[in-house]
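Peer 1: One structure follows; several queries about it will come next.
Nothing in this text is a laboratory measurement; each read-out follows from the coordinates by a stated rule. A quick note: this is a predicted structure, and the numbers were derived from the prediction, not measured. Here Cβ is always computed from backbone atoms with ideal geometry, including for glycine, and neighbour counts include all displayed protein chains.
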Amino acid sequence: MSGLIDIKVPDIGDFKDVPVIEVFVKPGDRVKAEDPLVALESDKATMEVPSPREGVVKSVVVKIGDKVSEGTVIVQFEGAGAEQAEARPVVSAPPSPVSAPAGVAEVRVPDIGDFKDVPVIEIFVKPGDSVKAEDPLIALESDKATMEVPAPLSGTVREIKLKIGDKVSEGAVILVLATGEGAAAASAAATPTPASTAPAASPVAQAGAVDEKAFALAYAGPAVRKLARELGVDLGKVTGSGNHGRIQREDVEAFAKGGAAPSKPQAASAGGGGVGGIDLLPWPKIDFAKFGPVDRKELGRIKKISAANLHRNWVVIPHVTTHDEADITELEQFRVKMNKELEKSGVKLSLLPFMVKAAVAALKKFPEFNASLDGDTLVYKNYWHIGFAADTPNGLMVPVIRDADKKSIPDIANEMNALAKLAREGKIKPDQMQGGTFSISSLGGIGGIYFTPIINAPEVAIMGVCKGYWKQHSADGKTWTSRLTLPLSLSWDHRVIDGAAAARFNVHFANVLADLRRVLF
């Protein structure tokens, strides 16, 4: 469109049809480069799309609830021509070089959210290498996943300022680029904010220290967190007005100005607070040391993230759990036999790959279990991506087996082993934990009989299984035999599924495990 500049959704990986959950600007707003325009929410995370340039918003093309993909126009800026600009997501924004001598640019770690002291696990370049804009320079490893930092412009690597194993945060110098004519543009792009220009902390913030635990668990995006830091606002005390209690920019600004306690108390841990408009009592503050010796250990980042997500899912989704059991006597005999046959190939089958196949069969028979709620609409998915809970030293993760319906049981077993290894090593990527349509949480290697697994939103059901045990069964009440029995615990979203459907799903799942030939029907 003549006279307008289109700002588009950038490359966001394999994500498509990602919902817009917040719009930060309106027509007439003047924005600076890197100011957030919209927030998108994938299956596993929220990402803010910042402006790639300074400008005045002419029109906002999307609204909350719209689904967007790479290339979708978000907003339009006033402009002299039909120039187009593509925004960059916060999670993969290229670093901004800072002022340097002519022909030289220092490349720094970009905004990587709240992550600090993140280890460098790979360096992809060496002095003398020529790089183009967007070429990867280094890889960082957070508690959650690995991320690559790309080059912001073309040039020749003059000096590398770090090594593998170094821990870096936003602003750390990665390397020095010899850029030729690009040095001037690089210097112009760098706009570091002096410490003296940071907004003064509000009187509310000065009255008490920020609770870092509550801050970490607060449901807010990177830009809102940055603003809260600048204003000295404790996010744990702010009530979010966005979807499911998400804290928005205006919530932080209003709290900083008013200084009054929010009307909806939010707790300083995942154990309390307001979610989805539901008010809960504040989490009790207790000095446990008064009663005896204690040790304190901060929760790991993954456990903090999991706590917030699990709490949201538990409060927002009306959970019901239906228990049943499956006779896996023949399946276990078959599994042992197949492991002997596959011994030379290196493939080792646990029960979990068989359960993935049983889940696909049950999901195809009962498609509402393979759906998600989108407002008042139920979205039925014509693909079967099965997540499985992996216990790691850093906390629970849920890798996803994509297109499980198209893979053999040995293929699923190999992929599970590879994904679980990456998760344990902290090297699994975000897209390897996204897009699941149904999850399985297995405690089979540990014990227990039944439990209530929490649904992994936006999925509508999850199957929990415990350790199999031998149990006496009788078909006629006269003749008894000992059978290997697997406890099943199916949690389901009562907004989508009713009790009768859940019971039928459990029965079919159990029947498939009892006789895998049912997969063919």
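Peer 1: Check the straight Cα-Cα distances from Lys303 and name the aspartates and glutamates below 13 Å, setting aside those fewer than 8 residues away within the same chain.
Peer 2: Asp143, Asp391
Peer 1: Under a crude label model (7 Å from the Cα following the beta-carbon direction), how far is Val336 from Gln472 in nanometres?
Peer 2: The answer from the label model is 2.3 nm.
Peer 1: Name the long-range amide H neighbours of Val168: under 5 Å, sequence gap of 5 or more, or other chain; modelled H, no Pro or chain starts.
Peer 2: Answer set, sorted by chain and number: Asp117, Val118, Val120.
Peer 1: Quick one: which residues, 5+ away or cross-chain, put their amide H under 5 Å from the amide H of Glu134? H built at 1.01 Å from N.
Peer 2: Ala151, Leu153
Peer 1: Would you list which lysines come within 24 Å of Lys126, measuring only between C-alpha atoms, while excluding same-chain residues fewer than 8 positions from it?
Peer 2: Lys161, Lys163, Lys167, Lys427
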